[in-house]
Structure formats: structure tokens, C-alpha cells
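> Sharing a structure below in C-alpha cells format, with a few things to ask.
The values are calculated or read from the model by the stated rules, or taken from the named source; none is laboratory data. Predicted, not measured: the structure shown is a model, and the values here were computed from it. Every residue, glycine among them, receives a Cβ derived from its backbone with ideal geometry; neighbour counts consider all protein chains shown.
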Amino acid sequence: MNELQELEIKEAEEFMMDEEEGRLGSEHRFKITNLDQVNWALRKLAAYKAKAGEINSLAEAEMERIKSWQDRELKKLEDSKKFFEGLLEEYHRSRIAQNPKEKTISTPYGKLQIKKVPQKWNYDDNKLLEWLKRNRPELIRIKEEPNKQELKKVVQVNGLRVVDPDTGEVVEGIVLEPESEKFIVEVD
């Protein structure tokens, strides 16, 4: 943010304070009435936009630093955790070698367990689909969905209704919202 933008913000803050004080005892509030005043207000908005960018940049840099520190600290903890988990697994497996039914060891601070993990299927959907097309097409599902782009080309809009021009029938499943206006301020 440059010095001129800082002056714009300072001037805007002073103006708003004056406006607030004037509003307490008066019905006359400031209104923009010409293009010079539009430019004046847009300069203020541009300064606010620049200040917000500055704040966001600073915050992102600090968050990145904190995230980096967090990742380093958590990695240390994870490495230590894996070390102790390895020691515990080694101990538990030695106990199971002596007594195969001892699947769980329980203490006041936690449990050690050996559980069977079911077989996992990992799919490459593209390769699988090609194989199914050649060998087992009945195992392919077909997803039905409206072709909305083509629909818009064939139907007609009548007020807030969508009509099939061939039959005059109202197309079910479409709700049109009336056209409206939206105020937009763009600041460069």
C-alpha cells in the first residue's frame, strides 16, 4: 500500500467520524451527487482493497511459518510414536508366538491388539471398464441424467414456465427464477 492510499484511508476515517457526529443531531447525511464524488469514494474503496491485500499477505506469511513449525513438531512426535509402536508390536508378536490365542493385551494405559484386516480391492476404473466392456458388459451401470444444454435448445420459455414447443406441455422439474439486478462495485 502506498502513501497516497494511506492518506485515503485516513481521510475516509475522519470523514466517517464527522458523518457519525453530524448524524446524531441532523437528518442531513452525505450523499454522492456527482462523478467527482464517485471517484472520491472509489479511491477510498481502492485504498481499503490494498490494505486488505496487505493484511492478507502478512497473515498468510505468518500462517505459513506457523504451519511449517507445526509440521516439523508433529513429524518429531510421529517418529517417536512409530518407534514406540514398533517396540510394542515386537513384544506382542513374541507373546503371540508363545500363545496364538493372546490377540489382545490390556493395561490401564491402553491395549495391544492383532486384528485380521479383510482383503482390500483397489480399482483402476478406466482399465476395469474397458475389460468389462469386452468381457462382462452386464456388469456396467449406466448413469442417466438430463442433458441440460440440449434441453435449453429445444424448449421455449413462457414467462416463468418452460414449455415443450411441439406439445405445448409445461416441462416438469424446472423452476425459473425471475431476472433481477445486482449492484456491483469494481475497484482497480
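> Can you tell me which residues in the stretch 101-123 are within 20 Å of Glu85 (Cα to Cα) and either not in a loop (DSSP other than H, G, I, E, B) or not charged (D, E, K, R) (or both)?
Thr104, Ile105, Ser106, Thr107, Pro108, Tyr109, Gly110, Lys111, Leu112, Gln113, Ile114, Val117
> Assess whether Glu102 counts as being over 31 Å from the mean Cα position of the chain (by Cα), at pLDDT below 95, surrounded by 11 or more Cβ atoms within 10 Å (Cβ to Cβ) and among the acidic types (Asp, Glu).
It is true that Glu102 is over 31 Å from the mean Cα position of the chain (by Cα), at pLDDT below 95, surrounded by 11 or more Cβ atoms within 10 Å (Cβ to Cβ) and among the acidic types (Asp, Glu).
> Hey, among Lys51, Lys31, which residue is charged (D, E, K, R) and closer than 19 Å to Val187 by Cα?
Exactly one of Lys51, Lys31 is charged (D, E, K, R) and closer than 19 Å to Val187 by Cα, namely Lys51.
> Further, regarding this structure: I need every pair where a residue in the stretch 168-188 that is touching a residue at least 12 places away in the same chain (Cβ under 8 Å) has its Cβ under 9 Å from the Cβ of a residue that is surrounded by 10 or more Cβ atoms within 10 Å (Cβ to Cβ) and of a type in the set (Phe, Trp, Tyr), sequence separation at least 6 or different chains.
Cβ pairs passing all conditions: Val187/Tyr48.
> Among all residue pairs at least 6 apart or on different chains, which show Cβ distances below 8 Å where the first residue, located in the stretch 37-50, is under 16 Å from Glu3 (Cβ atoms) and the second is surrounded by 16 or more Cβ atoms within 10 Å (Cβ to Cβ) and charged (D, E, K, R)?
Every condition considered, the pairs that remain are Arg43/Glu8; Lys44/Glu8; Ala46/Glu8; Ala47/Glu8.
> Any residue in the stretch 63-81 that is without any contact (Cβ under 8 Å) to a residue 60 or more places away in the chain and part of a helix (DSSP H, G or I) sitting within a Cβ distance under 9 Å of a residue that is of a type outside the set (Gly, Ala, Ser) and surrounded by 10 or more Cβ atoms within 10 Å (Cβ to Cβ)? List the pairs, counting only those 6 or more apart or interchain.
From the stretch 63-81, no pairs qualify.
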